[in-house]
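Here's the structure, in structure tokens; my notes come after.
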Amino acid sequence: MPHQNRVDPLGDLHATPERGAWFGNRGCMHDAGGVIRRHHQGTRWLCCVTDFPPRKRTLLVPGRYTELFFLDEATAYAAGHRPCAECRRPAFRAFEALWQKHFGETGVAAIDRRLQAARWQEGARRLVPVRAGDVPPGAMVQAGGEILLRGGEGWWRWSFQGYAPAAEPGPDLRLITPEPVAELMWRGLAVQRHRSAE
């Protein structure tokens, strides 16, 4: 049985057999029996590489952070995670440099505070209305009951298995990717996408 640690773009957790290309965490979310009991712990939500020698982890160890998995980096960004400053140091440095240039802030504490305010409000996920033309490539929106990725050209319907082509969405859209991250995408933030959306 798969663990309930596969993350969708809204940041919710599911038990599916697909592991995804990226690893991450947002604190210890499970109990001593390995059952997920909370949505997150703290404001440091990371997107990591799945292989970081010489470290090897046993999943869901009591008292340690909960191991999460994402389809791709676009999913991790949409869920509200940022590059890890340790295992993804070059990616984090590029992210931080763009962040400092646009927001005038630097350092993980400042980044994590602003991201938390953008993704989480009054105990729930924060989504904001947006027009299709204002969504940068790499960002995701909620359109009715679907989650769509804005590609370089056109739109893609998200699932744990990958993406499928989608029609241009209508006017009733909500931006899933936190606004600060979407702004960085407009300014050149590179976003890895699953091969099905290439």
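Taking the accessible area of region 1-141, probe 1.4 Å, and keeping the other protein chains in place, the carbon and sulfur fraction comes to 53%. The accessible area of Trp155, taken with all protein chains in place and a 1.4 Å probe, comes to roughly 10 Å². A Förster distance of 41 Å, applied to the separation of the beta-carbon atoms of Leu59 and Glu153, puts the FRET efficiency at 0.60. Along its first, second and third principal axes, ordered by size, region 82-124 spans 33, 23, 12 Å in Cα coordinates. Projected over all directions and averaged, the alpha-carbon convex hull of the chain occupies 11.1 nm². Net charge of the neighbourhood of Gln41, taken over other residues with C-beta under 14 Å away and scored Lys/Arg +1, Asp/Glu -1, is +2.
For the chain, what is the accessible area per residue in Å² when the probe is 1.4 Å? Each step should come with its number before you reach the end.
Working: 9730 Å² over 198 residues.
Normalised by residue count, the accessible surface of the chain is 49 Å².
Each Cα pair under 8 Å and six or more residues apart adds its separation to the average, and for region 1-101 the resulting relative contact order is 32 percent. Estimated from helical segments only, the mean residue ellipticity of the chain at 222 nm is -6500 deg cm²/dmol, where each DSSP H run of four or more residues counts as -39500 (n - 2.57).
Using a cutoff of 8 angstrom between alpha carbon atoms and counting only pairs six or more residues apart, the relative contact order for the chain works out to 20 percent. Taking the Cα centre of the chain as reference, the dipole from Cβ charges on Lys and Arg (+1) and Asp and Glu (-1) amounts to some 640 debye. Kirkwood-type hydrodynamic radius, region 9-97: 13.5 Å, calculated from all non-identical alpha-carbon pairs. All alpha carbon pair distances within region 102-167 were sorted into 5 Å bins beginning at 0; the resulting P(r) in whole percents reads 3, 13, 20, 18, 18, 15, 9, 2. For the chain, the share of DSSP beta bridges that are antiparallel, to the nearest 5, is 90%.
Across region 141-198, the volume of the C-alpha convex hull divided among the residues equals 93 Å³ per residue.
The values are calculated or read from the model by the stated rules, or taken from the named source; none is laboratory data. Please read these numbers as outputs of a predicted model, since none were measured by experiment. For neighbour counting, all protein chains shown are included, and Cβ atoms are generated from backbone atoms with ideal geometry for every residue, glycine included. Protein only, heavy atoms only, side chains kept; ligands, DNA and RNA dropped before computing areas. Shrake-Rupley method; radii C 1.70, N 1.55, O 1.52, S 1.80 Å.
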